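First up is the structure itself, then whatever we jot down about it.
The values are calculated or read from the model by the stated rules, or taken from the named source; none is laboratory data. Quick caveat, the model's predicted, so the values are computed rather than measured. Virtual Cβ from ideal backbone geometry, glycine too; neighbours counted across all protein chains shown. All accessible areas refer to the heavy atoms of the entire protein, side chains included, with ligands and DNA or RNA removed. Shrake-Rupley method; radii C 1.70, N 1.55, O 1.52, S 1.80 Å.
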Amino acid sequence: YVGDLFGNLWKINVSASNPNQWDFAYKQGSNPKPMFVATDSGGNRQPITSKPAVSRLNFSASGLQIYIGTGKY
């Protein structure tokens, strides 16, 4: 997972042993598409300013949560 200063959270598939085969997990046609866009209540994009962190929902679940930060504090 990678965040950018335009508020995009990207999921990149790096499971192939050959880096030339790495690719964005979500696309619209052949164009990469973010899995999430961080916005405020007015629809303004919020820069993702921290490294995404991933954790399990709880100890018995198989789902994951992704945490991002969009500010200084």
* **Rough spin-label spacing in nm, given labels placed 7 Å along Cα→Cβ, for Thr39 and Ala53** => 2.7
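Hey, what did segment 1-58 get for relative contact order, percent, Cα under 8 Å, at least 6 apart? Numbers along the way, then the final one.
Values: 90 pairs, mean separation 22.7, N = 58.
Once divided by the residue count of segment 1-58, the mean separation gives 39 percent.
Could you calculate, for the chain, the ratio of the Cα radius of gyration to the Kirkwood radius, expressed as Rg to Rh?
Values: Rg = 14.1 Å, Rh = 13.8 Å.
The Rg/Rh ratio comes out at 1.02.
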* Structure fact -> Total charge of the residues flanking Gln65 in space, meaning their Cβ is under 14 Å from its Cβ, with Lys and Arg +1 and Asp and Glu -1, is +2
* Structure fact -> Expressed as a percent, the accessible surface of the chain that is carbon or sulfur, using a 1.4 Å probe and the full set of protein chains, is 53
* Asked: Taking a probe of 1.4 Å, how large is the accessible area per residue of the chain, in Å²?
  -> 79
